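The values are calculated or read from the model by the stated rules, or taken from the named source; none is laboratory data. Everything numeric in this text was worked out from a predicted model, so none of it was measured. Here the Cβ positions follow ideal geometry from the backbone for every residue, glycine too, while neighbour counts run over all protein chains shown. Side chains included, ligands, DNA and RNA excluded: accessible areas come from the protein's heavy atoms. Shrake-Rupley method; radii C 1.70, N 1.55, O 1.52, S 1.80 Å.
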Amino acid sequence: MKVLVATEKPFAKAAVDGIREIVEKAGHTLVLLEKYTDVNDFHKAVADADALIVRSDKVTKEVIDNAKNLKIVVRAGAGYDNLDLAACTARNIVAMNTPGQNSNAVAELAIGMMIYMARNTFKPGTGAELKGKKIGLHAYGNVGRLVALLAKGFGMEVYAYDPFISAENIKKDGVIPVDSEEKLYETCHYISLHIPANDKTKKSIGYRFLSKLPKGGCLINTARKEVINEEELVKVMEERADIKYCSDVAPDNAAEMAEKFQARYFATPKKMGAETAEANINAGLASANQIVKFFANGDKTFQVNK
Ligand code: 3PG
């Protein structure tokens with residue numbers, strides 16, 4: 001079988017070496033398409049691939065239409081909003097992610113961003129400490145749990161809202177469950193977003209929640225820019241000179257944000273939450289192993305288009 005790794009943002013070399021070893025040991029062939037700038041190169045490369053590994057690369061209907069032999073696509077990472085699941089399902093292609101594999105890298109970045117914002121984006125002047133502050137985890141999945149663990153190490157009081165996880169399970173981790181988003185936002189100095197981007201969540205974080213933040217409130221977004229209602233975020237930050245926003249990947253209104261809010265705003269130019277060698281290796285190798293198992297015995301663990 002031909003396994004294509006198509007990554008506009010490539011994996012670290014050690015991850016590629018590991019993927020190659022797993023794929024070739026199982027008797028398959030690895031083909032690499034890295035740092036492509038023209039999506040047509042992706043369309044061409046996928047034409048005879050039986051399996052596909054991507055990162056945030058958009059697996060559109062057009063990609064699927066070009067991939068006549070494709071049987072499985074694995075998003076090496078957590079969020080699979082870049083996969084056209086309907087197009088995969090229509091062709092009987094199994095779509096998977098690799099949950100948890102890059103979570104620690106994202107959780108560490110969320111903490112780093114909190115410190116950066118608490119210290120006024122490292123500009124001269126008096127900042128604040130995380131110790132004793134309240135952090136609200138908006139969704140308590142793999143990343144949220146790790147942020148909770150790290151935040152407790154900083155002496156923060158940790159709250160979480162997640163309608164899919166029982167209050168008992170949240171409490172077991174020494175985290176305080178809250179039963180509404182409003183409650184989370186009105187209680188916590190820091191909100192760390194860990195919700196996926198889907199039809200329900202896109203543009204869902206706006207005035208209704210952000211205007212409730214306590215004085216000095218700071219929103220940390222290592223999830224997806226699409227979940228923010230950017231116009232409403234600007235409105236809140238214009239009305240309240242104490243609110244801060246930090247995002248892993250620039251919002252669509254990045255120029256306006258930078259000009260209006262300066263040290264109250266920061267965004268990474270390219271998504272970097274999972275940009276560690278460890279996360280690349282974990283997610284990359286997991287993808288290769290999932291593909292090998294799928295071809296060996298039809299294993300569909302981690303399928304997301306069921
Ligand atoms: C994810 O959903 O796993 C992260 O956003 C990582 O995305 P990346 O592989 O594009 O860095």
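Some values worked out for this structure:
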{"item": "Share, in percent, of DSSP beta bridges within segment 1-62 that are antiparallel, nearest 5", "result": "0"}
{"item": "Net charge of Cβ neighbours under 12 Å - reference Asn97; Lys, Arg +1; Asp, Glu -1", "result": "+1"}
{"item": "Karplus-derived 3J(HN,Hα), 6.51/-1.76/1.60, for each residue of segment 151-158, Hz, glycine and proline x", "result": "4, 5, x, 8, x, 8, 9, 9"}
{"item": "Computed [θ] at 222 nm, helices only, for the chain once each DSSP H run of length n ≥ 4 contributes -39500 (n - 2.57)", "result": "-11000 deg cm²/dmol"}
{"item": "Check: the chain dipole with +1 on Lys, Arg Cβ and -1 on Asp, Glu Cβ, in debye", "result": "400"}
{"item": "0 to 90° range, to nearest 10: angle between helix 230-239 axis and the chain longest Cα axis", "result": "20"}
{"item": "Segment 103-267, relative contact order in percent, only Cα pairs under 8 angstrom and at least six apart counted", "result": "20"}
{"item": "Between segment 149-197 and segment 66-92, the alpha-carbon center distance in angstrom", "result": "32"}
{"item": "Within the accessible area of segment 1-115 (1.4 Å probe), percent carbon and sulfur", "result": "51"}
{"item": "Local net charge near Lys68, Cβ-Cβ under 15 Å (Lys/Arg +1, Asp/Glu -1)", "result": "+1"}
{"item": "Probe 1.4 Å, protein heavy atoms only - accessible area per residue of segment 209-306 in square angstrom", "result": "45"}
{"item": "Normalised contact order of the chain, rounded percent, pairs of Cα under 8 Å and 6 or more residues apart", "result": "19"}
{"item": "Karplus 3J(HN,Hα) series, Hz, for segment 119-136 with 6.51 cos²θ - 1.76 cosθ + 1.60 (x for Gly, Pro)", "result": "9, 6, 6, 6, 8, x, x, 7, x, 9, 9, 7, 3, x, 7, 9, 10, x"}
{"item": "Inter-part distance where segment 124-143 and segment 21-48 are each reduced to a Cα centre, Å", "result": "40"}
